[in-house]
Each structure stands twice: as structure tokens, then as C-alpha cells.
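Participant: Handing you a structure now.
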Amino acid sequence: MSGWAGRAPPKKGENYELRADLNSEYRDKRKDAIKRVIANMTVGKDVSGLFPDVLKNMQTEDLEQKKLVYLYLMNYAKTQPELVILAVNTFVKDTADSNPLVRALAIRTMGCLRAEKIINYLCDPLQQCLRDDNPYVRKTAALCVAKLYDLKPELAIDNGFIEQLQDLVSDSNPMVVANAVVALTDIHQTALAAAESENPPDPRATFTLDSHILNKLLIALNECSEWGRVAILSSLARYRAVDEKESEHICERVVPQFQHVNGSVVLSAIKVVMIHMRGVGREDLVKQLVRKMAPPLVTLVSSEPEVQWVALRNINLLLQKRSDILQNEMRVFFCKYNDPPYVKVEKLDIMVRLAQEKNVDTLLSELKEYASEVDVDFVRKSIKAIGQCAIKIDSSAERCVNVLLELISTRVSYVVQEAVVVIKDIFRKYPDRYEGVIPTLCANLEELDEPEAKASLIWIIGEYADKIENADELLAIFVETFTEEAYQVQLQTLTAVVKLFLKKPDSAQGVVQRVLETATKDCDSPDVRDRAYIYWRLLSTDPGAAKAVVLAVRPPISLPRTTVSPAVLEELLGEISSLASVYHKPADTFIGRGRVGADALQKRIHDLEDDVSREKALKTVVAGQKSENLLDFDDAPAEGAGGLGVTTNSLAATTLTTGASAITTSNPLDDLVELFGSSGMGAPAAAPSFAQPAAFGSAFSAPPALASTPSPAPIPSASSAQQPQDDLLGLF
Amino acid sequence: MTSLIAILDLKGKPLIQRSYRDDVSASHIERFLPLILEIEEEGQQVTPCFTSQGVNFMHIRHSNLYLLALSKRNTNAAEIILFLHRLSSVLIEYFKELEEESIRDNFVIIYELFDEMMDFGYPQTTESKILQEYITQESYKLEVQVRPPPAVTNAVSWRSEGIRYRKNEVFLDVIESVNMLVNANGSVIRSEILGSVKMKCYLSGMPELRLGLNDKVMFENTGRTSRGKSIEMEDVKFHQCVRLSRFENDRTISFIPPDGEFELMSYRLSTPVKPLIWVEASVESHKGSRIEYTVKVKAHFKRRSTANNVEIYVPVPDDADGPKFRASTGSVHYAPDKSAFVWKIKQLGGSREFLMRAHFGLPSVENPETVEKRAPITVKFEIPYFTVSGIQVRYLKIVEKSGYQALPWVRYITQHGDDYSLRTALEKGSAPIVQPA
């Protein structure tokens, strides 16, 4: 049997039984069989072989059965394109059914089949349905045009469907208006995405918004369903107001939507207001708008955790532009015990943004509370936040240091380590102010086992070597175990010992000799070895120059007000509630259009920059070039995510965006690796720190000429350090 | 916009899925859980949205399920996340519970709902009441073929025409939930009132309703001086039936209500609230032998009110056992699954004060792995006939063209919010928390 009919269906097994039932003479049996087929489809079994048998059951009065057959067709139409054609007749017949539900169902499903063969038969029924009496059919047909365009753009254009959609924007039914807007926008986006930089999108496919359409949208906005409002608001966000009056008008008409119960309507409304507020000159109106924004944002913070998180990410962005929006609302962001970790982390960041002289005390006691919770990661971030407060608010620094000392006294290992790292940052911001705490820190030397904490403490010891009596003994401990330490710790030990030597030449002669020898002979990291060589030669040729280099005054660190460059921020604010605003990354970096996207991004940033300011534009050009260079070696398609990382990296680096907490790794390669590897949302955390080299004593941990690894972007602000660097290079 | 929606179990296996667009292949669903594990392994937070290889993963958790949406575009994340929540609540209204089993048993209707709630990746009708009118499990039993209810596309998409009641009635419930965070030293560091006006509407025809509250802003706008107290609502959210532009103009709350039960509005006040129910606990811990609690509860509201069903959750160490309780009122029981004991008081009169003591044994050998959790004390309660904010319904006008008389009933209640917690102080004399290296 099986010998001559290799492709014939087997005569047993589940599919065989199903086939028999599908062809049964009893209606109930057939329907039951269809259900079983769908059930198998749901669990992932292949039932595509039953296509002709299922198809036979399509013509039926039973709506549920019809839906099931349609569902089956949608799933398998692509695998059996020749057979789909058999269904066309029934489909076309259904689009003329007396029941609007059937008409809509047929037109909806036909659009979803996505088979070339059937497309041509779609046009006539679609024409009819777009003009149907029933709004339910019209709204379904409207979306069907977008489906058609997605499959065969020229067909949608040539049949005049897009003009018909534009007519539907004036439909009497708000739901139809909303779906027409949705479809037009979708087509617009598809056309834009398909357009290469050389040939612009087909003008017939673009959705041009003029003042005529604006009015229709504003009217429909108040009448249609929540999702329709989101669609209309998105279109309003794209509209370019002709004058200030129109901007004001749009803002005033959109503001009532702040009261909508659906959070995405609220966020979309905020987006529209943020965009059109740019065109509003009246100070009082702007103030009023900003004031009205606060309460709905606060309310969003008590929604479901996932919604909260989206809202918090957007609030974070809004605060970077307008720090005044929620200035009195810090308490709202206090973490609840049961908040999911991702919400807590966002809240922390926002609280630091909202920290001011008047509320910092409350915040500090709250942060101290968090530092005693169970979640280690959250505890660390809370301690970091304390440091950020100190750096942000000068007058609070002492209180912050006291809180940190209290935390150190708990002797919980990770708390102590994090506190040490944070205190180092405070030292960098306020040199010579809190030397009194150094003995406490040194007393905890044995507690430290994490490289970052060790490196931080060693940096402090090196920096204050002349004031710490037993600095040589302390550093000797680390020299002793030099080869076993992490590179980060090795580099710091090296620099600290050299500092010690320059400050107290008599007592440190031996130890400096020892560390230089170990580092150059027994160390396998080129970075450490090279730095040791530089120091060695520097010290032996010109101790004066060595002093100028190693003990150079470092620029104090500060807390950045934004996590992205001003131009990107403007762009993201225009995208509030979208993924871009949630990731804090421009859309082109993650929607995977590769090189084209990156170029378009730079171009757009350019355009935006012109609006923002000339000076900033220059910076972006630099950024643009850099990301282009880096992207060059990253052309492999699989590395899409990598390209993304690099772009953000260089953008962030050139625009000096770094957290105070950014002193994370001393190896620039780590940064890159981290960025390449991070597929998630680590953007702020992974932002590389421009200040890294400066952070650790020597202003040039990896001078370009010596770097064996890609070095971070140059340090524009470290101009004071620039001079000695030239000297140094001159030595070779 | 989203290309694909799927419901997954905790192992990441898709239970049911619906692809709306071709641009994202269904094979990406299988990458979801490995990606989450990868992010966790890297020590990063798993966030509701993340991107990988050009595909954006947006998801929510519902008990033991993931609801996942995939997209390639820079889609409206808020919209999709909210849609997923809406999807889960619609499914709950259909099947009572949303879990693996109810999905397997109802895949046919879920497919139908997928189709009706979203088209080409754009959310459509998500009102479960309307959906239930034309998507039912019993559809084949109906004699007549179902048609799309006009409400799907009406300007009044939430109410069908031709509703009739013999007795026209409206019930209003004003419910205020109090959220409060009290620090270990007894100071209130955060408090807010989340109010909600719920309606049960049994009215015929297409009635026009107008609700009057003692809203301070409205009194100021109209220049009226109110007798009695007026309240200042910080943020008000309305059911989609309320005309937002009218509220924006003159603070009038006017609407055509849906039929049956719904939430008309919610509001928020962040005016400082005194703790209605105050709890303090002193803890005496003797490591390796026993731990003792003295809990005091005090009702900080007027004598004429009563709090019902008060439940006080006091956290205890995970390894505590052998509970002994003594309470001056109510009953106490140990809930080891929550690592807490619960003190239940059926009725707590205003200004009353009660004490209870608890005693637990602790294992003599300490588990070095245990980290001391410092969960806060949480309280549940409800106080009828009372609102903290002082909100009042001044009138509810009902106008219908047939001119019937309808009776409005109003009820007030104040209850705990989802975060009414009092932090516990660090135990005195206990060893500091030590984390094993």
C-alpha cells in the first residue's frame, strides 16, 4: 500500500480520523471535528494536511463554525496557496451577506489570509464594504485597506482605497474615523519604512495632516472609544501647527483627555501637549499646562505594576526636560514593600531627580530604610542614590555621609562595600572635606572583597596618602597580593602607590619599586603592564613631570540632569508612551533597520539639533561620526543589537552623560562588552563613564597610543589633564 | 500596534496565540523565556518591555501566566501593556478565572475574542459587557443569528438601546481606600486617598445623568459658597461615558451610563490623613529560643463609627513555631505561609484601644542562610457610612425622555488601600543582619 503512494495520507492516526469526521454526514460531528482540528493547531500539531476537508465546511449558517474554519484558513493559507482559491467564492459571497457580522468577518479574514492568489479577489468586496451601511463593517474594512497595502501597496493605491480612507476620516461614526486614522497612519509608516533614503515614500501613501483634518480629528477625539482616542492623539502628535494660536488650540482641546481612565490615552495626551507646547509662547499657559500634567501622572503611579513601570519611564524622561512638573510629589514615588524590583529601581531614580534641599531629609531616611531590605540589588541601588543626593545637593552632603557611616556600622558586607564606592564619589565631588571618615573606611578594609569596593578604597588611600599615617602599610597589603587581584584593583594599587611615593618619597621607595616590578614582570594584563612602564619611565626621567601628571587636579564630578543628549531627549519627548520613550533610546536604534536606520537617526538628530541650539549640534556631529565609525566593523546582520549598543555608547559618551555612579569598570573593553551583551534595558546603567580614567587617579589609564583595547571617547571636560598628556606622549 | 499576542505558561510554552501581522514570526515566542532567564542571569531587572534582535517583547504577568505581545515597530507601549491587562480582565469576566485550564477549555472562544478585540494589531472593542452580547459560548443555541450590537460602533459604545426596567433605580457606592505608610518611629511618611464612585444602574432607555459633588473647584468656579465642607480632588478619572470636555469647562459630571454595574469615576487626594487605625508592635527577640510580640491597636476615628472586619498582619520570622496568643478582643491565628500572624477583630469601635500578646518559639540552631526580612505590618478594615475626605453626593439628576422618576441610593464606605502598612522598628538588642559572603 504504502509502496506506491508515498504522499498519500496514511489510513490511520488522528488526522485520518479527523478527515473522516470532517466529511461526515452529520453536522454536529463535522463541527466537533473542526474544533478538534483547531485544538490540535493550538497545541502546535500539524493539521495542514486537512486543508481541503476543512474547507468543505466553510459554507454554513453556523457562525461559530464559520469562524473556526476562517481561523483555520488564516493559519494555513500560506502553506496551501493553490487551495485557498477554492475559498474565494464563499468569501465573496459572505461579504454580501445580510448579517453585518458575517460581512465584517469575511472582509477581515480575507485581509488576513495574506496569499497572493486571493488578493486580487479582495478588491471588489472591499470597495463594497468601505461603503457599507453598517459602521461595524466600515470600520473593519478600513483596517483591511492597511492590510492590503502591507501586502501589495500598488493595488491599494491604484484602486483608490487610500482616497476612500481619507474620506472615511469624515465619517459620521467616530469608531470608523478612528480606524480610518489608524489605517492611514499604518500605511504612512509602512510607506516610510519601505522608502530608501534615495527614493522618498510614495506621496499617495503618506498621510498628510492639514488644518481641515485637524478639526475632524479634534471633534472625533471626544466621541470615540479609548483606543480610537489613542490613535487620534498619535496623529495629532504628528501634526505641525501653523501658528501659535493653533498650538494653543490643540493643547486646550487635548487637555481634557488627562482625565481619561485609560492610562495610554493619558500618556498620549501628554505627548501631544508636550509637542504642541513648544509652539506656545504664553508663559502662563505653559505653566498651566504643566500644572495640569502632574495629577494624572501621579495617578498612573498607582496602576498595575507594568503600567506603572511604563509611566515611570516616561515620567523620568519628562523630568529631564521639566524638572518642575512633580516637584512637590516626591512621596508618591516612595517604594512599596511589595513593588516589583523593576518598579523600585525606576522610583529610586525619579526620587533622586526630585531631590531638593527641602525634601532631601525625608528622602535620606527613606533610602536608609531601603538599605536594610532583603533584595541585595535594591539595597545597593539605594546606597548609590544616597551618594547621588550628596553630589546633587551640596548642603546635604554631610548628612549623606553620616547616613553612609551609619550603614557602614551595620557591617553587612555588601552594604559596606557599596558605601565605600559611594563615598569615593563624594570625595571626588568634595575633595578634602570629609577626610575624617577615612579611618572608619580603613577599619573595614578586611570586609572588602569586591574589586570595585577595593579599588575605591585604594583610590582614597592614594589620594590622601599624605594624610593617612599608615598609608604605606595599608597599600603594602594590596601589593602583597598584587597578582591575585582583579585588574581594576591592580591599576588602582599601582597608581595609589605612585601617588604615595610622590607625596612621601622617603617611606615609599621600597614599595613603589616592588609594585612596579611585579606589575611589569608578573602581570598578564597589558593595561596594567603598560601603565606601570609609563610610571616607571616617568619617575626615572622626570619626577617633576610625574607629579604634574599623576597628582594633577581632577575636575569634580557632577550629577547629569539628563541621561540622553538634549536632541535625543527632544525626540523622545515627542514619542512619549512609545517603546522609544520607555527604553530611552531613539526608535531607529532598536527597530532593526540597521545602517539605514542609524543614518536616518543622525539626520533627524541633526534636524532637531538645529531647533535646539547650534552649539549642541556640533556635538552631535561628532557623535554621529563616531557611531558611524563604530558601526563600520559591525555590519554583520546578526549583530543588530550590537550596533545599537555602540550608537548609544558614543552618543552618550560625547555628550558627557554619565551617572555619578558611573565609575564602574576601569577597563573600557568591559563597557563595550557590556553594551554588546545587554539585550535588555540597561541603558542608563550601562552608559559608559567619560570620567573613568580621571576617576582613578591617573587621568589616562589608556592613552590612545598605548591602548590595546578600544578606549572610551576623549574627555572634553578634562582639559586640565590634556596638557600633561601631551607631555607624556612626548617622552616616547 | 502589535504583531502577535500569546498567552504562555510559566515555562514559556505558548498555550494559545494569535498572529495579527506577518512581520514577526511566531518562533520568537519561544525565545521569550530564555531571554528572561538570560537577563536575570546577568543580574539585571526583567522589565515589562525589552528588545532583542529587532523584536520588542512586551508582557504582563497574571498569576501563573505570561501575556505576551511582540512587535517590530516603535509601538505605543502604554497602549499594548494596557491592552494586555484589558485582555486578561475580559478573559476573567468570561471564565471567572484565567489560568491554564480555563484557556485549554475555551480556546475557541478565546480565538473569537482575540479576533474581536484586536484587528491588524490595533485594539478594537475591549468592553467585556458589549463583547458578551455577541460572543458567547452558547451562540449556536440561539435561534437567531447574532449581529454586531450597535454599541460596538455607536458614539455611545457602552450602552445598548431598548433597555427596560419596571422599577428605575440607581445605586451609588462611594468607596475610599486609604493608603498609608508609617515609619518605624511612628511618623506618617506617605498617605493618600483613592476614591471611587461605583454605580449600579437599573434605568430604562437612554437616560442623561448629572452628578453633583461637593467639589471645591466647582464651587469656586461658580462663585457659590457651599454650606459645609467641600473637597479638593487632585486627579479625577472618568469612565468613558463621562463627557470630559464638559468637566473641563464647568466641572459638570454628565453622562449616559452603561447598564448595570460600573465604575463611574475615581479620584485621588493626597491631603495628609491621620492613620484611622493605628497599630504598634514591640518585639522582643531572644535568638535561639523565643520571640515575643506586644501589639496595640487604636481606632483613631469618632466614637459613632465602627470599623468592621479589621485584620492586622504582623510579620514573624520564617522559622518561628509553637505560637501562643492572648488577645483582649477578637481572634488570632498563625499564618505560616505568609510568615505572619493575623489578629482579626470583627468590630472595632471608634476611639477604642486593644492589646494582644504573641509568643513564638525559635529554633535553637540558626539557619545561616536566613536573611532577616523586615516586612511591614499591614492592616485591612472597612468603615461604613464614613468617608475620610468628606466627599458628598449633593445630587444625582436623572432625565430620560419618557420622563420616569428614578430613585438614587447612596452609600459611603472607607476601607484599607492596597498599601496600608506600618514599618516595624529594628529589634532592640538583636544581632545585626549578617549576609553570608
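Participant: Of A:I219, A:I213, A:I232, which residue is outside the structural domain of A:N179 (by TED's automatic domain parsing) and crowded, with 22+ Cβ neighbours inside 10 Å?
Facilitator: A:I232
Participant: So, one more: Residues of region A:81-94 being of a type outside the set (A, V, I, L, M, F, W, C) and either touching a strand residue (DSSP E or B) at 6+ places or on another chain (Cβ under 6 Å) or farther than 13 Å from A:Y70 by Cα (or both), which ones?
Facilitator: Residues satisfying the conditions are A:P81, A:E82, A:N89, A:K93.
Participant: Out of the helices (runs of 4 or more DSSP H) lying entirely within region A:214-291, which hold 1 or more residues that are within 14 Å of chain B (Cβ to nearest Cβ) and touching a residue at least 40 places away in the same chain (Cβ under 8 Å)?
Facilitator: In region A:214-291, A:226-238, A:263-277 are the helices (runs of 4 or more DSSP H) which contain 1 or more residues that are within 14 Å of chain B (Cβ to nearest Cβ) and touching a residue at least 40 places away in the same chain (Cβ under 8 Å).
Participant: Among (1) touching a Phe, Trp or Tyr at 6+ places or on another chain (Cβ under 6 Å); (2) outside any helix (DSSP H, G or I), there is one condition A:L71 misses while meeting the rest; what is its number?
Facilitator: Status for A:L71: all satisfied but (2).
Participant: Between A:E418, A:E406, which is surrounded by fewer than 22 Cβ atoms within 10 Å (Cβ to Cβ) and out of contact with any strand residue (DSSP E or B) (no Cβ under 7 Å at 6 or more places or on another chain)?
Facilitator: Among A:E418, A:E406, only A:E406 is surrounded by fewer than 22 Cβ atoms within 10 Å (Cβ to Cβ) and out of contact with any strand residue (DSSP E or B) (no Cβ under 7 Å at 6 or more places or on another chain).
Residue-by-condition table, conditions (1) among the hydroxyl-bearing types (S, T, Y); (2) in contact with a helix residue (DSSP H, G or I) (Cβ under 8 Å, 6 or more places away or on another chain); (3) surrounded by fewer than 23 Cβ atoms within 10 Å (Cβ to Cβ); (4) facing another protein chain (nearest Cβ under 8 Å):
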| residue | (1), (2), (3), (4) |
| --- | --- |
| A:V307 | no, yes, no, yes |
| A:A311 | no, yes, no, yes |
| A:L319 | no, yes, yes, no |
| A:D324 | no, yes, yes, no |
| A:N328 | no, no, yes, no |
| A:F334 | no, yes, yes, yes |
| A:L363 | no, yes, no, no |
| A:D377 | no, yes, yes, yes |
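Participant: A:D375 fails exactly one of the following numbered conditions: (1) of a type in the set (D, E); (2) within 25 Å of B:R268 (Cβ to Cβ); (3) out of contact with any strand residue (DSSP E or B) (no Cβ under 8 Å at 6 or more places or on another chain); (4) in contact (Cβ under 8 Å) with a residue 24 or more places away in the chain. What is the number of that condition?
Facilitator: (2)
Participant: If you don't mind, there's one more thing I want to ask. Being crowded, with 24+ Cβ neighbours inside 10 Å, aliphatic (A, V, I, L, M), more than 13 Å from every other protein chain (Cβ to nearest Cβ) and out of contact with any Lys or Arg (no Cβ under 6 Å at 6 or more places or on another chain): is that true of A:L122 here?
Facilitator: yes
Participant: Which members of region B:72-96 meet the condition of being outside any helix (DSSP H, G or I), more than 8 Å from chain A (Cβ to nearest Cβ) and either touching a residue at least 24 places away in the same chain (Cβ under 8 Å) or over 28 Å from B:E133 (Cβ atoms) (or both)?
Facilitator: None - no residue of region B:72-96 is outside any helix (DSSP H, G or I), more than 8 Å from chain A (Cβ to nearest Cβ) and either touching a residue at least 24 places away in the same chain (Cβ under 8 Å) or over 28 Å from B:E133 (Cβ atoms) (or both), so the list stays empty.
Participant: Need a quick list: helices (runs of 4 or more DSSP H) entirely within region A:405-477 having at least 1 residues that are more than 21 Å from A:Q490 (Cβ to Cβ) and modelled with pLDDT of 90 or more.
Facilitator: Output list reads A:413-429, A:438-443.
Participant: Right, A:L126: part of a helix (DSSP H, G or I) and within 34 Å of the chain's Cα centre (by Cα) or not?
Facilitator: When the stated conditions are applied, A:L126 does not pass them.
Participant: Of all residues being exposed (fewer than 14 other Cβ atoms within 10 Å of the Cβ) and within 11 Å of chain A (Cβ to nearest Cβ) in region B:180-231, which is farthest from A:S303 (Cα to Cα)? Just the residue, please.
Facilitator: Among those residues, the one meeting the criterion is B:N185.
Participant: Can you name every residue in region B:1-43 that is under 22 Å from B:R104 (Cα atoms), of a type outside the set (D, E, K, R) and either at the interface with chain A (Cβ under 9 Å from one of its Cβ atoms) or free of Cβ contacts under 8 Å to residues at least 12 places away in the same chain (or both)?
Facilitator: Hits for region B:1-43 are B:P14, B:L15, B:I16, B:Q17, B:S19, B:Y20, B:S27.
Participant: Looking only at region B:241-264, how many residues end up being out of contact with any Lys or Arg (no Cβ under 9 Å at 6 or more places or on another chain), within 10 Å of chain A (Cβ to nearest Cβ) and outside any strand (DSSP E or B)?
Facilitator: Selection size over region B:241-264: 6.
Participant: Let me ask another. Among the residues of region B:265-274, is there at least one that is away from chain A (no Cβ under 14 Å) and in a strand (DSSP E or B)?
Facilitator: no
Participant: Being within 24 Å of A:D466 (Cβ to Cβ), at pLDDT below 90 and outside the structural domain of A:K585 (by TED's automatic domain parsing) narrows it down to one of A:S525, A:S507, A:S558, so name that one.
Facilitator: When all the criteria are applied, what remains is A:S507.
The values are calculated or read from the model by the stated rules, or taken from the named source; none is laboratory data. Because the structure is a prediction, the values reported are computed rather than measured. Cβ atoms come from the backbone with ideal geometry, glycine included; neighbour counts cover every protein chain shown.
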